[in-house]
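Nothing in this text is a laboratory measurement; each read-out follows from the coordinates by a stated rule. Computed from a prediction, not measured in an experiment: that's the story for all the values here. Please note: Cβ atoms are built from the backbone with ideal geometry, for glycine as well, and neighbour counts cover all protein chains shown.
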Amino acid sequence: MTSRVFRFAPSPNGFLHLGHAYSALLNFTLSRASGGRFLLRIEDIDRGRARAEFETAIYEDLAWLGLAWETPVRRQSEHFEDYARALEGLDAMGLLYACDCKRSDIARVAAAHPDWPRDPDGAPLYPGTCREKPRRSARDILARGGVALRLDMQRAAALAGEGLSWREWREGDDFAITACDPAQWGDVVLARKDTPASYHVAVVVDDALQGVTDVVRGHDLFFATSLHRLLQRLLDLPEPRYRHHDLVLDDTGEKLAKSRGSETLRALRAAGARAEGVRRRLGF
Ligand code: GLU
């Protein structure tokens, strides 16, 4: 039997907090328990937000927690060609189109209709304004800049066919087959001039290239899995198992977030916390 491959894939756009520590420790523990591998991947595809000091801090904080990972670490910013190839594949199937709508254009359409549908993150679905404009190749569109590439969801779902699902891993060896509903995302953006591949494209390409068998991540990405399964099927990539764990909440019951300055591992360490205490607090 080939060994199972787990990964922790943080974005270096802030310091790690307890929620990241939980996710990293869970992946590490499961990989060790199954005699499998543990990878660390730096998801620095958003070049406007990624910073070298946060990446350095990720290595320091995870080592402090007692984790060890395989090297070299894959950094997404070094692999844009891999994502471009995946986009070209989708483009060759006639599934991408250029869109130059501004967020405010979309918000205006949505505001005019009280029941306008929203994606699982709460953003209004794209009204399809640019969908039927003449198409150009994905590379050509990105090279000229100024526009985004969107997935024609209706066509994509039709091409992918019926019965798209994933195996959501619960305790032990218990799996729940979860039906996908990628249409809830509408015509998602898969690339922009400043970020030549979206998180969704990069994550499925990387999980496949790195042979990841088990995607263990926070419940905030549960709904995105429908979209990831759609892209995997279209791009003929293998299907990993998924496990979406509960999020670590702060004292007020709110989700921890970099943007809200939630307790970072750095701050805990500076205040004298010991790694062992953090691990115990998180149940490891
Ligand atoms: N880079 C993502 C994040 O930091 C995680 C992606 C994933 O685990 O699939 O939220």
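Against the chain, whose longest principal axis is taken from its Cα atoms, helix 52-65 shows a tilt of about 40°. Cysteine residues of the chain whose Cβ has no partner cysteine Cβ closer than 4.7 Å: 101, 180. When shorter helices are ignored and each DSSP H run of at least 4 residues is given -39500 (n - 2.57), the per-residue value for the chain at 222 nm works out to -10500 deg cm²/dmol. For residue 11, nonlocal amide neighbours, meaning residues 5 or more places apart or on other chains whose placed amide H falls under 5 Å from its own, are 43.
The trypsin sites (Lys or Arg not before Pro) of region 164-223 that meet both conditions, a loop assignment by DSSP and at most 16 other Cβ atoms within 10 Å of the site Cβ, are 170, 193. Spatially, region 217-284 and region 1-52 are offset by 9 Å when compared through their Cα centroids. Placing pseudo-labels 7 Å out from each Cα toward the beta carbon at residue 100 and residue 252 gives an inter-label distance of 4.3 nm.
For the chain, the fraction of alpha-carbon pairs lying more than 22 Å apart is 61 percent, rounded to a whole number. Shown for 206, 174, 105: other C-beta atoms within 10 Å of each C-beta, ranked fewest to most, produce the order 174, 105, 206. Phi angles of region 99-105 translate, via the Karplus equation with coefficients 6.51, -1.76, 1.60 and θ = phi - 60°, into HN-Hα couplings of 9, 10, 5, 8, 3, 5, 4 Hz per residue; Gly and Pro are given as x.
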